[in-house]
């Protein structure tokens, strides 16, 4: 599911004209963010399924294990840097990614109350 974006502060919204100009750029950033996070989630599902099915690749030497770990670390850092860069660009425009419950039209204060330890 693709997540959308929203402005950070409703009291400091850009003019209607500026909002219209920014919308395609912000929509594109949100789409890229969603694709990156969805791909990462799918990798986790596949990895778990392979583990449960016993279909995972098993390295034969310590060097292979180290190479796999190094490649995974690089891949993860690249992913995190891309997501962070997108979030920074959104922030510079006064926007952020919507939280999942905002897509359900839930109020943030209500969600905080429901998630609070009692």
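Every read-out reported here was derived from the displayed coordinates using simple, explicitly stated rules and does not represent laboratory data. For clarity, every value in this text was computed on a predicted model and none was experimentally measured. Note that we place each Cβ from the backbone using ideal geometry, even for glycine, and neighbour counts take in every protein chain shown.
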How much FRET efficiency would the formula 1/(1 + (r/R0)^6) give for residue 77 and residue 10, where r is the Cβ-Cβ distance and R0 is 35 Å, rounded to 0.05? 0.50
Length-normalised contact order of the chain in % [C-alpha pairs under 8 Å, at least 6 apart]: 47
Asserting the computed 222 nm helical MRE of the chain (DSSP H runs at least 4 long, -39500 (n - 2.57) per run, divided by residue count, to nearest 500) equals -23000 deg cm²/dmol
Which order results if 72, 60 are arranged by neighbouring Cβ count within 10 Å, fewest first? 60, 72
Among 66, 58, rank each residue by its count of other Cβ atoms within 10 Å, from fewest to most, as a rough exposure measure. 58, 66
Footprinting proxy, 65, 83: sorted fewest to most Cβ within 10 Å, the residues are 65, 83
